[in-house]
Amino acid sequence: MALDDRARVRLEIDIMTASEDVRASRNAERTRGMILDAAVEALATHGTGVSLAAIAQRAGVSKGGLLHHFPSKDALILALVEDSNRKFREHVTGFLDLAENEPGKMLRAYVRALCSGGEATTHYFTTAPAWAGIYQIPEIVALSTADAAWWDTQLALDGLSAERIMVVRHAAEGVAASVAYGENDATYAAQAERLLLGLTKGEALPD
């Protein structure tokens, strides 16, 4: 076989191998996502007492397949919280309007996201707290503390006073929780959003 032919064959093999690696990676990521989705449903229904075998069955994989991705229940729960935090950050930054030329961009994105009733917001504020015992896991406590600190930092860089950020942020979180738990509806959230966005711009509340 000529040198050029050997090089061509080697290149084709490398391409095939790379394609197989990409396909395997995508399949692994898809399986991981299925397990996480199943775990959210199982934990919401049964709490942290649910078995890994039950989660695996719900996900349509073997228990061994689940353990390949998550070696313990604590590791699975940690991954769920990380995934929830990541999705929530992406959800909020999706509402960021970089064209705004005044302080408070991130806080306004936070308000819009929380008052939108999106799935990421609902999971962030309702799912994890319902998992009894979750905050007894030290890694979860550390992860939650780090996430809260990340938000504190991002909002503090926004150019507004700490007092205004505190009031608007916690009010928006209260609105999101009340809608997620069915205490209020989208109309209420839209009204609250308008008021809170006004507060980020220094407007006074109506009498």
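The values are calculated or read from the model by the stated rules, or taken from the named source; none is laboratory data. Note that the structure is predicted; figures quoted are calculated from it, not measured. Cβ: placed from backbone, ideal geometry, glycine included. Neighbour counts: every protein chain shown. The area values use the complete protein model at the heavy-atom level, side chains included, leaving out ligands, DNA and RNA. Shrake-Rupley method; radii C 1.70, N 1.55, O 1.52, S 1.80 Å.
General observations
- Count of region 89-131 residues which are among the hydrophobic types (A, V, I, L, M, F, W, C), farther than 21 Å from Gly47 by Cβ, modelled with pLDDT under 90 and open to solvent by less than 60 Å² (accessible area, probe 1.4 Å): 1
- Hits in region 40-65 - residues which are under 21 Å from the mean Cα position of the chain (by Cα) and modelled with pLDDT of 90 or more: Ile55, Ala59
- Some residue of region 22-36 being farther than 25 Å from Val141 by Cα, among the acidic types (Asp, Glu) and either open to solvent by 50 Å² or more (accessible area, probe 1.4 Å) or modelled with pLDDT of 90 or more (or both): yes
- Which listed residue, of Glu203, Glu163, Glu183, Glu193, is of a type in the set (D, E, K, R) and surrounded by 14 or more Cβ atoms within 10 Å (Cβ to Cβ): Glu193
- Close Cβ contacts (under 8 Å, 6 or more residues apart or on different chains) running from residues in region 17-42 that are part of a helix (DSSP H, G or I) to residues that are at pLDDT below 85 and not β-branched (Val, Ile, Thr) comprise Val40/His123.
- First in region 127-139 and β-branched (Val, Ile, Thr), second anywhere and modelled with pLDDT of 65 or more and open to solvent by less than 20 Å² (accessible area, probe 1.4 Å), Cβ under 6 Å, 6 or more apart: Ile134/Ile140
- Residue list for region 62-88, restricted to those being in contact (Cβ under 8 Å) with a residue 60 or more places away in the chain and either in a loop (DSSP other than H, G, I, E, B) or surrounded by fewer than 18 Cβ atoms within 10 Å (Cβ to Cβ) (or both): Asp74, Glu82
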